[in-house]
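Notes to accompany the following structure.
The values are calculated or read from the model by the stated rules, or taken from the named source; none is laboratory data. All values reported here derive from a predicted model rather than from experimental measurement. Cβ atoms come from the backbone with ideal geometry, glycine included; neighbour counts cover every protein chain shown.
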2 protein chains.
Amino acid sequence: MSSTLPPLAGKLGGLTSSAIRDLLKLTAHADIVSLAGGLPDAELMPRERIAAAADAALRGPGCLQYTESPGWGPLREVLAARESARLGRTVPVAEVFVTHGSQQALSLLAEVLLDPGALVVVEDPAYVGALQVFRAAGARIVAVPLDAEGMRVDVLRELLGRGERPAVVHTVSNFHNPGGVTMSPARRRELAELAQTHGFWVIEDDPYGELWFDRPAPAPVASHAPNVIRLSSASKIIAPTLRVGWMVAPDPVCRAVELLKQGADLCGSALTQQIAAELLADTTWLTGHVDRVRAVYGARATALVHAVRETFGERIVCTDAAGGMFVWADFTDGTDTGQMLPRALEAGVAYVPGQAFAVSEGYRGSLRMCFTTSEAPVLGDAVQRLAKAHAAG
Amino acid sequence: MSSTLPPLAGKLGGLTSSAIRDLLKLTAHADIVSLAGGLPDAELMPRERIAAAADAALRGPGCLQYTESPGWGPLREVLAARESARLGRTVPVAEVFVTHGSQQALSLLAEVLLDPGALVVVEDPAYVGALQVFRAAGARIVAVPLDAEGMRVDVLRELLGRGERPAVVHTVSNFHNPGGVTMSPARRRELAELAQTHGFWVIEDDPYGELWFDRPAPAPVASHAPNVIRLSSASKIIAPTLRVGWMVAPDPVCRAVELLKQGADLCGSALTQQIAAELLADTTWLTGHVDRVRAVYGARATALVHAVRETFGERIVCTDAAGGMFVWADFTDGTDTGQMLPRALEAGVAYVPGQAFAVSEGYRGSLRMCFTTSEAPVLGDAVQRLAKAHAAG
């Protein structure tokens, strides 16, 4: 039947499904320990608290109707207070915009900030959800590498010195996905300074900032300059099902995003936004809850990193487990992680090869491992399976 | 501060806020009977049933996590069964795609089906949410008028005869917003035939089809041809807060939409999709519930049309109240509804001037009235206020 159907848009030829998503489909139902996912642990989500908030919201009729495009007013007020504390300045409610997960903020910002052919600087390895959106917007993409202190801002400075004029620089400043690293305070100040000097937007994408293990993440890049748009989310600290992300941005950006949100989906869910408002407003409970998530993830991350270092010794270098959901590792012995993957699946473990996050080529010796959904012994077992696959190479 | 901010994308210059939304902001808090809205009545929404479904869903951990981009599997199965009955053929689950309200389906379809400059045919007066999306996609838009039998398919045939080659024809086939009319069975078959002969897509946008008063809407255009993409929604029959819309489309369209949905917002809410699945699957309850909504809306629509005809006589012509949420009326005495609006607001009644729905110019003597959220005596009072504003002109 499809042979007689009208054509689709020509630009779709360039779009391909995320390699990670396709891989997840392969591994989800098999007898495999998956380090390939990128999901928070559902067992740690505050199910009863969400149920109580849903019940309370549904006692009145106020949560059934369409809500405002920028988000339910009281949720925006809670977020403004929260972000004011985080940014060290008073964030007005008008500068807080609720999105359908922070991915929607990225998607709408790409339309709001980018003309076709505009230059976007991303980190390499990159958050693929951002890469996909910027590519779909027709941006020209230039990558700046990460090191242990986050984005190599010195490389960005060189680019600017050569006359490159980005419209947007995108960074996952805390506990990078996939790189695991956090941008240092000095680089944050430097990036903010460059943004102001050269007149570009920074999108500071921060879904993981609360998930620190030993010490809180440094002050956001957005605390250093007005042209930094900060994104965050309830998905990793409460639950993805709420589909509540948010953006803190100057008023003209919020108003432009509002116009596009009307066309994209009119508005979010008044019900899930009321649940989010209730839980985010109860800061005493939230602190305790997030502390518990941190402690569990921290122990799992430590176990994974320990097992990897014990098992592979000098044949692998991996990031420290400082926060977030991911550990990034580089084989030093010439192992090709893409080629090793079928053997790993056979041995009963899945991961994402580094190349899936490369902006162009590279990271063939790297892999991303997610530690959130398995307990320490299972993670240890996963590393043994990985060693088996490695030895069989 | 904003004077020092980097620029936004150039294309945003052409975007303006919806005149209707701006008007709603003006009228929401005043002592005004609003016929200007477009909301279903929250009092008729099954609040307790939604609360029970939320509670049941939240007893297990399965509704907290990210869900699949095309929607939660069991919801897609319920929708496939529902749409199979509606379309008179077996709709496979793979051809059902859940979106964040049916507005998101429109927005993603515009990207999937349209190259820049592609021709889109819309009805005039038009659903402004569709117009906004097609304009943002850079489409060339040609309007075909409505009459009492819906889209003037003969005018479309003429366009095709002159060599116009649309990529997409958009229709609100049932109880049109804003026109109130329903496309006749003969025109549905003719439109489907033209779509197959000339190889264009039809988007059949059907949020109101269940809200018939005297007799069910005719078989969908989508029952007559495979290249008709059907959109529907739970917003008008259950509640907008679920943000559950859906699309029935051939597999290649669903797969392309899936790729774009990953970039747009990853996925919908597993919680609200489970609530929707529970309520849509209980067909006995749902039939009774929708019957009640129909009866209430039908009585209100009849009251409004009766009052308008009684009060204005031959100075106005308005659509019959056959279903949906809106009555469209044309003044025959040269009244300019845009000019009359300030007087109407002063008299305590709001409506949307016809020009807000015009594809280019026109409908200066028309207005759209929404009857869903006011009881019959209030609607009668609103028409008296309208008469006062009219007399003061």
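Details
- Taking strands (runs of 3 or more DSSP E) as the structural unit, those lying wholly within the range A:291-393 and holding at least 1 residues that are in contact with a Lys or Arg (Cβ under 6 Å, 6 or more places away or on another chain) and within 14 Å of A:Leu35 (Cα to Cα) correspond to A:326-331.
- Failed criterion for A:Ala143 (all others in (1) within 26 Å of A:Ser366 (Cβ to Cβ); (2) at pLDDT below 95 hold): (2)
- Failed criterion for B:Thr99 (all others in (1) free of Cβ contacts under 8 Å to residues at least 24 places away in the same chain; (2) polar (S, T, N, Q); (3) part of a strand (DSSP E or B) hold): (1)
- Residue match in the range A:208-218 (condition: crowded, with 23+ Cβ neighbours inside 10 Å, more than 14 Å from chain B (Cβ to nearest Cβ), in contact (Cβ under 8 Å) with a residue 24 or more places away in the chain and in contact with an Asp or Glu (Cβ under 9 Å, 6 or more places away or on another chain)): no
- Lone unmet requirement of (1) at pLDDT below 95; (2) under 30 Å from B:Gly129 (Cα atoms) for A:Ala277: (1)
- Some residue of the range B:117-130 being part of a loop (DSSP other than H, G, I, E, B), away from chain A (no Cβ under 14 Å) and modelled with pLDDT of 95 or more: yes
- Condition check for B:Leu146: closer than 16 Å to B:Phe357 by Cβ, touching a residue at least 40 places away in the same chain (Cβ under 8 Å) and outside any loop (DSSP other than H, G, I, E, B): no
- Residue check, B:Asp31 closer than 30 Å to B:Glu361 by Cα, of a type in the set (D, E, K, R) and assigned to a loop (DSSP other than H, G, I, E, B): no
- Test: residue in the range B:261-279 that is within 21 Å of B:Val169 (Cα to Cα), in a helix (DSSP H, G or I) and not basic (Lys, Arg): no
- In the range A:219-248, residue nearest to the other protein chains (Cβ to nearest Cβ) [restricted to those that are more than 22 Å from B:Leu5 (Cα to Cα) and among the small types (Gly, Ala, Ser)]: A:Ala239
- Single residue of the range B:35-50 satisfying the filter (small (Gly, Ala, Ser) and facing another protein chain (nearest Cβ under 10 Å)) that is farthest from the chain's Cα centre (by Cα): B:Ala42
- Failed condition for B:Gly324, given (1) more than 30 Å from B:Leu75 (Cα to Cα); (2) touching a residue at least 24 places away in the same chain (Cβ under 8 Å); (3) crowded, with 21+ Cβ neighbours inside 10 Å: (1)
- Put simply, of A:Ala28, A:Ala53 the only residue that is modelled with pLDDT of 95 or more and either surrounded by fewer than 21 Cβ atoms within 10 Å (Cβ to Cβ) or more than 7 Å from chain B (Cβ to nearest Cβ) (or both) is A:Ala53.
- Within the range A:84-116, being away from chain B (no Cβ under 12 Å) and among the β-branched types (Val, Ile, Thr) holds for A:Thr90, A:Val91, A:Val93, A:Val96, A:Val98.
- Each residue in the range A:58-79 was checked for being in a helix (DSSP H, G or I), more than 9 Å from chain B (Cβ to nearest Cβ) and surrounded by 19 or more Cβ atoms within 10 Å (Cβ to Cβ), and 4 of them qualify.
- Enumeration of residues in the range A:260-287 that are small (Gly, Ala, Ser) and more than 8 Å from chain B (Cβ to nearest Cβ): A:Ala276, A:Ala277, A:Ala281
- A:Ile203 fulfils the conditions (1) part of a strand (DSSP E or B); (2) within 11 Å of chain B (Cβ to nearest Cβ); (3) more than 30 Å from B:Ala276 (Cα to Cα) except for a single criterion, (2).
- Scanning the range B:249-259 for residues that are touching a residue at least 12 places away in the same chain (Cβ under 8 Å) and either away from every other protein chain (no Cβ under 14 Å) or over 22 Å from the mean Cα position of the chain (by Cα) (or both) gives B:Asp251, B:Ala256, B:Glu258.
- Residue in the range B:157-177 that is among the hydroxyl-bearing types (Ser, Thr, Tyr), touching a residue at least 12 places away in the same chain (Cβ under 8 Å) and assigned by the TED database to the domain that holds B:Arg86 present: yes
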